[in-house]
């Protein structure tokens, strides 16, 4: 899953594609577990969004975690409303390929989700993951609560220390309040369940995040 136009910097908002008002069509339910893709979600469920490169494999990493209720892929952090895949890959929307994770905090902690995030990609690569080049492949955590943001920032410091020991450079991951999440086209939702032999960007560093706290957040 390579970008159609390698873009090594974020576009100026004034030059971003205009997008559209219409939502992209997508399925109502998760292809793997049948849960509502866009909600309503169970009482007490919480949401956090992650960008860690190609969203096909990243989504599978999260839907397999016990306690995750539903996942979805989308576009986030840019300037173009309801952008489609081709537009995002052009580098002219500013969006990252993102995974929405809806989880039960009584069954899985945000710390565990952060561990999956950090250990399943290389967060030091800027606008790329492995051979995938472009701003849409950048690393980001889009938080929905102050507690999530504090946990994410703490985990970034912890993982940086471990990466430094292993000879890696500085983490480039952005941690910000979640902007609007635009659901991607149906063909991209749960892609690796529909296409078991499809492309998966295995780009982890093999550096472990030493999490000890497992509190609901």
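Read the figures in this text as sums done on the coordinates, not as results from a lab. These numbers were taken from a predicted model, which means no experiment stands behind them. A quick note on method: Cβ atoms are made from the backbone with ideal geometry, for glycine too, and the neighbour counts reach across all protein chains shown.
The table below gives the values:
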| read-out | value |
| --- | --- |
| Residue in region 91-120 that is surrounded by the most Cβ atoms within 10 Å (Cβ to Cβ), counting only those that are in a loop (DSSP other than H, G, I, E, B) and in contact with a helix residue (DSSP H, G or I) (Cβ under 9 Å, 6 or more places away or on another chain) | 95 |
| Residues being under 14 Å from residue 71 (Cα atoms), in contact with a strand residue (DSSP E or B) (Cβ under 9 Å, 6 or more places away or on another chain) and part of a loop (DSSP other than H, G, I, E, B) - total across region 21-33 | 5 |
| Selection count, region 64-86, where residues are in contact (Cβ under 8 Å) with a residue 60 or more places away in the chain, surrounded by fewer than 22 Cβ atoms within 10 Å (Cβ to Cβ) and under 20 Å from residue 199 (Cα atoms) | 3 |
| Residues located in region 125-141, provided they are in a loop (DSSP other than H, G, I, E, B) and surrounded by fewer than 20 Cβ atoms within 10 Å (Cβ to Cβ) | 126, 130, 131 |
| Matching option when the condition is in contact with a strand residue (DSSP E or B) (Cβ under 6 Å, 6 or more places away or on another chain), surrounded by fewer than 18 Cβ atoms within 10 Å (Cβ to Cβ) and touching a residue at least 12 places away in the same chain (Cβ under 8 Å), among 144, 188 | 144 |
| Filtered residues of region 162-178 (kept if part of a helix (DSSP H, G or I) and either surrounded by fewer than 13 Cβ atoms within 10 Å (Cβ to Cβ) or touching a strand residue (DSSP E or B) at 6+ places or on another chain (Cβ under 7 Å) (or both)) | 165 |
